[in-house]
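To start, the structure itself, in structure tokens.
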Amino acid sequence: MLCKKLSIADMPDLVCENIFRQLDFRSLSTIPHLCKRFQNVFSALQLEIHLESITITIGSYCINIYMDPYNDWTMDIEYHQKDNGCLVRSGNSEKFLEDENSTRLFCDDFGRNVRNQKKPLKMLRLNLENEFENENDNAKLLGSLQSTLISRKPLLKVDELSISSTSISSILPCIDSKSLKKLAIEGSSDQIQDEITNIDEIVQLEQWANLEELVARDFFLRIPVKFLRHFSKIDVSLKSISAMDLCDLKNAILKSPSFVRFNIHYKYFKEEPSLYDILGPTCDNYNEMWIFEIPKTDKSILLVHYASRTFRFSKILSSSVEICQNKY
């Protein structure tokens with residue numbers, strides 16, 4: 001009597017589950033690509049892969065996802081869209097899936113990897129290399145990614161989100177508002193420096209209100225400074241700023257126990273009223289520099305206006321005021 005030849009895919013579910021529970025990150029991330037049955041068993045197990053950070057790069061014909069479990073950026077999966085399907089590359093292996101769509105496969109894999117993630121990701125970065133080349137395709141992909149993230153309950157916890165200006169409105173609301181501490185808004189290499197990004201809707205989000213650090217240097221923002229008061233650190237480019245804006249920020253900073261540093265680059269400065277009318281005389285005869293003592297502390301706030309169209313707020317020891325005057 002002939003015996004049926006068994007393969008690893010014929011193992012009972014219980015055996016598969018016990019094996020999967022012993023696997024490391026690299027092995028677990030490849031399981032869903034082996035066969036449909038392993039994919040179903042893996043999904044049912046609800047295993048946490050313990051991701052540290054994720055970088056997603058979207059090109060014209062390829063989507064890359066880099067997952068860093070132990071500060072190792074060598075782990076990546078590539079999804080190459082072809083005329084009759086999708087080529088998936090992972091490490092040194094590749095598999096062609098006929099009649100499959102790269103966006104759907106990527107979102108399915110991404111959703112599987114983050115579905116059971118409990119601890120916050122240190123970073124989630126979304127990079128659109130073809131931001132203005134395939135806007136319709138990008139909109140579809142962002143919509144799919146948004147649906148994947150918003151379907152997760154609770155929302156994905158992330159410490160730092162690095163994202164392009166065109167995708168921030170889609171992705172930021174899908175991130176847990178209590179865990180997110182830093183937001184970096186990136187521009188594209190194709191983006192002109194003078195482009196104005198209006199983020200009026202974004203600043204109304206709870207995610208924005210809970211942020212501690214903001215970086216947005218690649219373009220000029222149009223944003224009232226009242227939406228910057230609560231930050232501990234900012235490094236941003238603003239379309240315009242006035243002496244009244246600086247006074248507003250100065251007053252907020254003097255009351256803030258968490259303030260660290262503000263770097264504000266600007267294109268236009270509103271001359272009326274003048275800095276000297278609002279902030280008073282400078283503390284140095286040769287430089288535009290003001291020092292404001294923080295009440296009931298040994299600290300002061302130093303404000304310096306640089307010729308490079310930059311205002312910088314920083315915290316210093318009051319005893320080092322003379323040193324600062326000599327330095328600047």
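The values are calculated or read from the model by the stated rules, or taken from the named source; none is laboratory data. Just so it is clear, the structure is predicted and the values come from calculations on it, not from any experiment. We place every Cβ from the backbone using ideal geometry, glycine too, and count neighbours over all the protein chains shown.
A few remarks follow.
- Complete set of residues in segment 267-313 that are among the polar types (S, T, N, Q) and within 33 Å of the chain's Cα centre (by Cα): Ser300, Ser308, Thr310
- Selected residue (only one of Asn263, Asn251 is surrounded by fewer than 19 Cβ atoms within 10 Å (Cβ to Cβ), in the same structural domain as Lys315 (by TED's automatic domain parsing) and touching a residue at least 40 places away in the same chain (Cβ under 8 Å)): Asn263
- Test for Lys270: is it surrounded by fewer than 17 Cβ atoms within 10 Å (Cβ to Cβ), of a type outside the set (A, V, I, L, M, F, W, C) and in the same structural domain as Phe311 (by TED's automatic domain parsing): yes
- Test: residue in segment 228-236 that is modelled with pLDDT of 95 or more, surrounded by 14 or more Cβ atoms within 10 Å (Cβ to Cβ) and under 13 Å from Ser165 (Cβ atoms): yes
- Those strands (runs of 3 or more DSSP E) lying entirely in segment 198-310 with at least 3 residues touching a Cys at 6+ places or on another chain (Cβ under 8 Å): 289-293
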